[in-house]
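These notes concern the structure reproduced below.
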Amino acid sequence: MTAPEPFEVRSGPLTFRGVAAGPPDGRLVLLLHGFPESTHEWRHQLPALAAAGYRAVAFDQRGYSPGARPEGVEHYAIDHLVGDVLTVADDIGGHRFDLVGHDWGAAVAWHVAARHPERVRTLTAVSVPHVRAFGAALAAADGDQARRSGYMQVFRSGQGEEEGAAALLSLFDFVGDPSPYVALLSEPGALTAALNWYRAMSREDSDRCGPVSVPTLFVWSDGDAAIGRTAAEGCAEHVVGPYRFEELIGVGHWIPEEVPDRFNELLLGHLAGHLAQ
């Protein structure tokens, strides 16, 4: 298997870096990483998708690409993050694409699929449910999701930078070698940029994310410290198209890296099941 090919996409003053694998004329699958990761998160999925004949593309999102790290919280609002996905897809010639996202990448993917269903063939969201399901769980009387999400207050304050990248990764019992992510977030301005995603989020943005009509696979794990069952099971209320919920037992938050073979099986099955889209 050949190594993924690096590429860059220019968007005004910003430059996004990414990697692609698989035949150039293959069906485009766009993968969005989470916090505090990068395209490295998808190292097990890129070759699997390429071997199945897909054109798999992952890019370091806003704040993670060194050339796309603007200063100011306002530059990390969801409208910009959604726009970046469409810009990258347009640049590589993919008017329509299959979309895969984990963690924050899943949150962005839900917005893209809800707002631009004409662009998205299928959605695969990992760990993080539809943002409205998450919001409802956050406000639930049992307080479970609120407790799980307590770290967000640290991230939205200045304490995140004080803690540092390695300490933030340790909050989530990260599986695997954290050094690639620690190295990236140790670059000038990178950790602040990544934390600005949390600082820019708002209830109004969540309210603007409507139901999703494209074929959707949501993969959640019962060992996820950040996302509880109420949020995960509530996701179904916000998908009006074909929907499949897969629960992985005994697995943590880092599904694509923790159980890559099992996740690849689910992802490839979902894509193959909707070839006519």
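The values are calculated or read from the model by the stated rules, or taken from the named source; none is laboratory data. On a predicted model such as this, the values are computed, not experimentally measured, just so you know. For neighbour counting, all protein chains shown are included, and Cβ atoms are generated from backbone atoms with ideal geometry for every residue, glycine included.
Of the residues making up segment 1-37, those that are over 15 Å from Asp84 (Cα atoms) and either among the basic types (Lys, Arg) or under 16 Å from the mean Cα position of the chain (by Cα) (or both) are Val19, Arg27, Val29, Phe35, Pro36, Glu37.
When each of Val108, Val57, Val100 is tested for being touching a residue at least 60 places away in the same chain (Cβ under 8 Å), under 17 Å from Leu268 (Cα atoms) and of a type in the set (Val, Ile, Thr), the lone residue that passes is Val100.
Just one of the numbered conditions (1) surrounded by 13 or more Cβ atoms within 10 Å (Cβ to Cβ); (2) of a type in the set (S, T, N, Q); (3) within 25 Å of Val82 (Cα to Cα) is not true of Gln153: (1). The number of residues in segment 14-42 being without any contact (Cβ under 8 Å) to a residue 40 or more places away in the chain and not in a strand (DSSP E or B) comes to 6.
From the list Arg119, Arg148, pick out the single residue that is farther than 22 Å from Arg10 by Cβ and touching a residue at least 24 places away in the same chain (Cβ under 8 Å). Spell out the reasoning first.
Working: Arg119 fails: farther than 22 Å from Arg10 by Cβ.
Among Arg119, Arg148, only Arg148 is farther than 22 Å from Arg10 by Cβ and touching a residue at least 24 places away in the same chain (Cβ under 8 Å).
Scanning segment 208-241 for residues that are closer than 18 Å to Gly150 by Cα and part of a helix (DSSP H, G or I) gives Arg229, Thr230, Ala231, Ala232. Scanning segment 219-257 for residues that are surrounded by 20 or more Cβ atoms within 10 Å (Cβ to Cβ) and of a type in the set (Asp, Glu), we see that the one that is farthest from the chain's Cα centre (by Cα) is Asp224.
The criterion of at least 3 residues that are in contact with a Cys (Cβ under 8 Å, 6 or more places away or on another chain) is met by the following helices (runs of 4 or more DSSP H) wholly inside segment 88-189: 104-115, 131-138.
Given the structure, is Gly67 surrounded by fewer than 20 Cβ atoms within 10 Å (Cβ to Cβ) and within 20 Å of Ala113 (Cβ to Cβ)?
no
Considered as a group, the residues in segment 188-218 that are surrounded by fewer than 23 Cβ atoms within 10 Å (Cβ to Cβ) and polar (S, T, N, Q) include one that is nearest to Val108 (Cα to Cα), and that residue is Ser206. You will find that of Tyr181, Tyr151, the residue that is among the hydroxyl-bearing types (Ser, Thr, Tyr) and in contact with an Asp or Glu (Cβ under 8 Å, 6 or more places away or on another chain) is Tyr181 and no other. Screening segment 70-115 for residues that are closer than 24 Å to His44 by Cβ and among the charged types (D, E, K, R) and picking the one that is surrounded by the fewest Cβ atoms within 10 Å (Cβ to Cβ) gives Asp84.
Within segment 37-53, the set of residues being closer than 25 Å to Arg115 by Cα and either surrounded by fewer than 22 Cβ atoms within 10 Å (Cβ to Cβ) or among the small types (Gly, Ala, Ser) (or both) comprises Ser38 only.
Residues in segment 10-65 that are among the polar types (S, T, N, Q) and at pLDDT below 95: Ser11 only. Do you know which of the residues in segment 11-36 that are in contact with a Leu (Cβ under 9 Å, 6 or more places away or on another chain) and closer than 14 Å to Tyr181 by Cβ is surrounded by the most Cβ atoms within 10 Å (Cβ to Cβ)? Ranking the qualifying residues of segment 11-36, first place goes to Pro36.
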